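The values are calculated or read from the model by the stated rules, or taken from the named source; none is laboratory data. Everything quoted here is computed from the prediction, not taken from an experiment. FYI the Cβ positions are ideal-geometry reconstructions off the backbone, even for glycines, and counts take in every protein chain you see. The protein model used for the area step is the full one, side chains on, heavy atoms only, and it has no ligands, DNA or RNA in it. Shrake-Rupley method; radii C 1.70, N 1.55, O 1.52, S 1.80 Å.
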Amino acid sequence: MRIRTTFAALAAAAVLLLGANPAEAQFGGLGKLVKKAGVSLPSLEKAPITTSLPDAKWSVPDKDGFTPREPERSLMTLQRTPNGGFVLQPGYYRFHDQSYCLKAGTHGPGGGDGYIYAPPKGPAEDAVMTIVRNSVNHPEIDQHDIQTLLWAIIARAKFEDLSTEHKAVAARLLTPRQLASLNRSALGMLTEGPLADNLPSGVRQVLQAEADLRRMLTSPGTSFAELERVAVLAGAAGIGPGSQDIPSGRWSMHPDGYYVRYLPQSYTNTVVEIWVPQGSPAVGKEYDPATHIAVPGNTARQRLIQSGRPYQSH
């Protein structure tokens, strides 16, 4: 009975780890419980990126169905910044960008689900934003290689164990200090055995996908298609715990004073629309796509970080 109670407590802690409240999503409590149970589970940390639906506090439901009266213009007509961003001016803008999955083991966009703005949060936010920002000045780096690096981060893979090609790409996009900090945590107990059996299926699914990615990313010859099959689930998506009914095309009001909405075409590319009203405090400020995570109302779907690289279909 005591063993069963311990595993139930550990499972509850694991739910908090991946759950809706980022402030509670830490391994600290889980580590203490594991220690009490006499089980070794070293290097437990907060999830690399913790951004989740409760962080998306800028939704504007009263503008559902609203389209600005100004003529739609390309965001590419605006002045660019060294970050790969855009200097905002009054008007209504559209940009079809390369976007990236930041939650493995979940479904891509679809089903009419809406996405709203939240900033990157978590121990790896600096590395993730740096990769996305620096990718703008390296158009020769394939989008698949950038996505692979981001999956390596969220799966807690050791970058030193990646392929020579991916290590070379990482060295072009990250600083030596950032590369040194990207080390793996030991999470096997959370994906197999009695503890895993007590986890909710959605939590276990994400943890298992991360474990599979860690293994595959350090296995020679693993193709991007194989990684994608693990990270991006096929088939119909259910409704994840804590989901909200957010329609497609909902606007968010960014703290800088402009409106933004996300229309994902798939996890790889998103149409971003920005509206800067006349007299807005956002005029002259930067839209930095790397600081934008499009968070789905359905928690069973992927968080999508945006980039300043235009998407070009192949």
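Considering only the other residues whose Cβ falls under 13 Å of the Cβ of Q143, what net charge follows from Lys and Arg at +1 and Asp and Glu at -1?
-4
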(request) Would you kindly derive the ³J(HN,Hα) couplings of the stretch 162-179 from the backbone phi angles with the Karplus curve 6.51 cos²θ - 1.76 cosθ + 1.60 (θ = phi - 60°), listing them in order in whole Hz, with x for Gly and Pro? (result) 6, 5, 4, 5, 6, 5, 5, 5, 4, 5, 7, 10, 10, 7, x, 5, 5, 4
(message) Give the separation of the Cα centroids, the stretch 116-138 to the stretch 74-97, in Å.
(response) 18 Å
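Can you tell me the order of 130-136, 236-242, 296-302 when each peptide is scored by its average per-residue count of other Cβ atoms within 10 angstrom, highest first?
Working: 130-136: 22.1, 236-242: 14.1, 296-302: 24.6.
Taking the mean over residues of other Cβ atoms within 10 Å, the ranking is 296-302, 130-136, 236-242.
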(request) Output ³J(HN,Hα) for the stretch 99-109: one whole-Hz value per residue in order, computed from phi by the Karplus curve 6.51 cos²θ - 1.76 cosθ + 1.60 with θ = phi - 60°, and x for Gly and Pro. (result) 10, 9, 6, 10, 8, 6, x, 10, 8, x, x
(request) DSSP loop (so not H, G, I, E, B), at most 15 other Cβ within 10 Å: list which GluC sites (Glu not before Pro) in the stretch 112-180 pass both filters. (result) E140
(message) I'd like the carbon and sulfur percentage of the solvent accessible area for the stretch 260-313, probe radius 1.4 Å, heavy atoms only, ligands and nucleic acids excluded.
(response) 49 percent
(request) Provide the per residue accessible area, probe 1.4 Å, for the stretch 83-128, rounded to a whole number of square angstrom. (result) 25 Å²
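Pop out the carbon and sulfur fraction of the accessible area of the stretch 45-87 as a percent, whole number, probe 1.4 Å. Intermediate results must be reported in sequence, preceding the final value.
Working: 1250 of 2460 Å².
Ligands and nucleic acids excluded, carbon and sulfur give 51 percent.
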(request) Name the long-range amide H neighbours of D113: under 5 Å, sequence gap of 5 or more, or other chain; modelled H, no Pro or chain starts. (result) none
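What pairs in K103/K167; K57/K158; K63/K285; K46/K167 have C-alpha atoms more than 28 Å from each other? Before the final figure, lay out the partial values.
Numbers: K103/K167 22 Å; K57/K158 33 Å; K63/K285 23 Å; K46/K167 24 Å.
Long pairs (Cα-Cα over 28 Å): K57/K158.
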